[in-house]
Amino acid sequence: MTDKVLIPAAGKLTAVKGMNDLLPPDSATVEWFEAKVRGLMARFAYRNIRTPIVERTPLFVRSLGEVTDIVEKEMYCFEDRLNGDPLTLRPEATAGVVRAALEHSLLYDGGKRLYYMGPMFRHERPQKGRYRQFDQIGAEALGFSGAEVDAELILMATALWAEIGLTDVRLELNSLGQPPERLAHRQALIAYFEQHMDMLDDDARRRLHSNPLRILDTKNPHMQGLVNAAPQLLDFLGEASLTHFNTLKAILDVNGVAYTVNPRLVRGMDYYNLSVFEFTTDRLGSQGTVCAGGRYDYLFEQLGGKPTPAVGWALGVDRVLDLAKTAGLIGSGAPLDAYAIVTESSALPLVLSTLQSLRNAGLSVQMHASSADGMGSMKSQFKRADASGARYALIFGPDEIKAQQVTIKPLRDVTALQTTCSLVNPLEWAPTLQSNI
Ligand code: ATP
Ligand code: MG
């Protein structure tokens, strides 16, 4: 490598600010949640897609829009060190999914339902629920124009909240209409804000002519009154847009999905049209949006493809799990079935082959491992067995080994009896250790 890389000579190496390590037992919670999502996606016939974390920078500039928070302030951009290509750590995955769909002609034989899971990167001010590397799970339905697919995606998210037991997630909906409707609204909006220039902050003034819709997305509390009274896009929608919106609402109504129409919901990316929606909660303070999405019928064209309708959502894994945690709903990893206590290292070959058989039969077994001073006392091993959460201790003591046996001691159920079993065929007694949870 010819480049000079600056490496501090000494000092503690820590993770980058806003980028967190995910450690046990929290990692088990994430795995639990991901497994739920995989099951749900399969039931709705969405299939997994995995695109690279690094994409070319113009992909995001063209898809998200130049005048957006993400492109203006939040992207991690760098140059390929060999050819200088502008590259970016993905801040979101929809653009990459659409790029992949175009690059591989994924839609040649019709629409596709896809989902992804993985890390996204945004240079934001880190705080609870807002990180610089964070995990998203997203679903995208590509090539379908009907409102029933918007509804399907919302029903799928709703089913996910129900499955993990979340009850206080609210759904907000809006329709952004089509480009000519937005243009008429935009002109009305500019005229309105021009009459109130003194109340606009710097960001809003800068965006007044480049992207006035974005002003409605402001987080500045001093501008809320002004923004609330602004002309509403819903009043500018034509018949087709209204029909799409009404169909979506009718499907949600019949399925008992509660929602409120929020005319100020515009979303932070430029690519949306027609339906947009957010699932929010009051329990997470100002980081209350757990899942957000909408229709993006013009993105394929914007990225050089044929006109292709599409709709999707993305959820913030950290926020959903925080919410589930505050509601006390967290599932943990599967409990350990057994902990193997071994007092003589000479017994290890036999013990390990027994444990292999048990694991092949589907049991989870933790083996006691030696330290510098040997295997450790029976007492200290029992302590570890207890702490491991295992339901049984498998005792491979000197007497047991001599008799080619193992003693099975229940650790959780005080009424259950200790038994001794032969090591000749562990599969005979393995099923009795199987968790019935
Ligand atoms: P916000 O308004 O909170 O900044 P956003 O509109 O930028 O959210 P999206 O781009 O729609 O968010 O991303 C979808 C979801 O991903 C959000 O609803 C949120 O749950 C999660 N998310 C977005 N940014 C972050 C972040 N920096 N840290 C953790 N989760 C995030
Ligand atoms: Mg944001």
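Computed quantities for the displayed model
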read-out: Neighbour-limited loop hits for GluC sites (Glu not before Pro), the range 328-437 (at most 15 other Cβ within 10 Å; DSSP other than H, G, I, E, B); value: Glu344
read-out: Cross-link partners of Lys402 among aspartates and glutamates (Cα-Cα below 12 Å; sequence separation of 8 or more within a chain); value: Glu344
read-out: Anisotropy class of the range 166-213 from Cα gyration tensor, a/c 1.5 cut; value: oblate
read-out: Pair Asp168, Val424: separation of 7 Å Cα→Cβ label points (nm); value: 6.1 nm
read-out: For the chain, built as a Gaussian network whose Cα springs stay under 10 Å, the top-fluctuating residue of Pro231, Pro398, Pro309; value: Pro398
read-out: Using a Förster distance of 22 Å, the FRET efficiency for Gln187-Lys73 (Cβ separation, nearest 0.05); value: 0.20
read-out: Label point distance in nm, Thr247-Asp386, each placed 7 Å from Cα along Cα→Cβ; value: 6.4 nm
read-out: Dipole in debye (nearest 20) - the range 106-240, about Cα centre, beta carbon charges: Lys, Arg +1; Asp, Glu -1; value: 620 debye
read-out: log₁₀ of I(q)/I(0) at q = 0.18, 0.25 Å⁻¹ - the range 273-343, Debye sum with one point per alpha carbon; value: -0.81, -1.06
read-out: Added length on full extension, which subtracts the Cα-Cα distance from 0.36 nm per residue, Asp203 to Arg56; value: 50.2 nm
read-out: Segment Asp235-Asp282, length gained on full extension (0.36 nm per residue, minus Cα span); value: 14.1 nm
read-out: The range 200-252: Cα Rg divided by the 2.2 N^0.38 Å rule of thumb; value: 1.46
read-out: Spatial separation of Cα centroids for the range 218-259 and the range 27-63, in angstrom; value: 28 Å
read-out: Using θ = phi - 60° and Karplus 6.51 cos²θ - 1.76 cosθ + 1.60, couplings along the range 165-180 (whole Hz; Gly, Pro as x); value: x, 7, 10, 9, 9, 9, 10, 10, 10, 7, 10, 8, x, 10, x, x
read-out: Chymotrypsin sites (Phe, Trp or Tyr not before Pro) within the range 98-196: DSSP coil, no more than 13 neighbouring Cβ in 10 Å; value: Tyr108
read-out: Kirkwood Rh (inverse of mean 1/r, distinct Cα pairs), the chain, angstrom; value: 25.6 Å
read-out: Apportionment of accessible area to carbon and sulfur, the range 81-210, percent (1.4 Å); value: 52 percent
read-out: Normalised convex hull volume, the range 338-434, alpha-carbon set, Å³ per residue; value: 93 Å³
read-out: Förster radius 45 Å - calculated FRET efficiency between Gln224 and Asp26 (Cβ-Cβ, nearest 0.05); value: 0.80
read-out: Using a Förster distance of 30 Å, the FRET efficiency for Met378-Ser357 (Cβ separation, nearest 0.05); value: 0.80
read-out: Residue-span extension gain [Glu194 to Glu66] - 0.36 nm each, minus C-alpha spacing; value: 43.8 nm
read-out: Highest-MSF residue in the chain out of Pro119, Pro52, Pro349 [GNM, Cα springs under 10 Å]; value: Pro349
read-out: Exposed trypsin sites (Lys or Arg not before Pro) absent - longest run of the chain, DSSP non-H/G/I/E/B, at most 13 other C-beta within 10 Å; value: 220-411
read-out: Most positive-pole-ward Cα, Met197, Asn273, Phe121, against dipole of the chain from beta carbon charges; value: Phe121
read-out: Size of charge dipole - the chain - debye, nearest 20, with Cβ of Lys, Arg +1 and Asp, Glu -1, no other charges; value: 680 debye
read-out: Global form of the range 55-121, assessed from the alpha-carbon gyration tensor, a/c cut-off 1.5; value: prolate
read-out: Among the listed pairs Lys128/Lys249; Lys17/Lys219; Lys73/Lys112; Lys17/Lys73; Lys36/Lys112; Lys379/Lys409, those beyond 25 Å (Cα-Cα); value: Lys128/Lys249; Lys73/Lys112
read-out: Top positive-direction residue, dipole computed over the chain with Cβ charges, set Gln232, Ala390, His368; value: His368
read-out: The range 181-265, relative contact order in percent, only Cα pairs under 8 angstrom and at least six apart counted; value: 36 percent
read-out: Only Lys, Arg (+1) and Asp, Glu (-1) charged, at Cβ; the range 337-437 dipole about Cα centre in debye; value: 180 debye
read-out: Under 5 Å, built H, 5+ apart or other chain: amide partners of Val290; value: Phe279, Thr280, Thr281
read-out: For the chain: accessible area per residue (Å², 1.4 Å); value: 51 Å²
read-out: With eigenvalues of the C-alpha gyration tensor scaled by 5 and rooted, the range 178-291, Å; value: 26, 20, 11
read-out: Phi to ³J(HN,Hα) by Karplus 6.51 cos²θ - 1.76 cosθ + 1.60 over the range 134-143, Hz, x for Gly, Pro; value: 9, 8, 10, 10, x, 10, 9, 10, 9, x
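The values are calculated or read from the model by the stated rules, or taken from the named source; none is laboratory data. All values reported here derive from a predicted model rather than from experimental measurement. Heads up, the Cβs are rebuilt from the backbone with ideal geometry, glycines too, and the neighbour counts pull from every protein chain shown. The accessibility values were calculated without ligands, DNA or RNA, using every heavy atom of the protein model including side chains. Shrake-Rupley method; radii C 1.70, N 1.55, O 1.52, S 1.80 Å.
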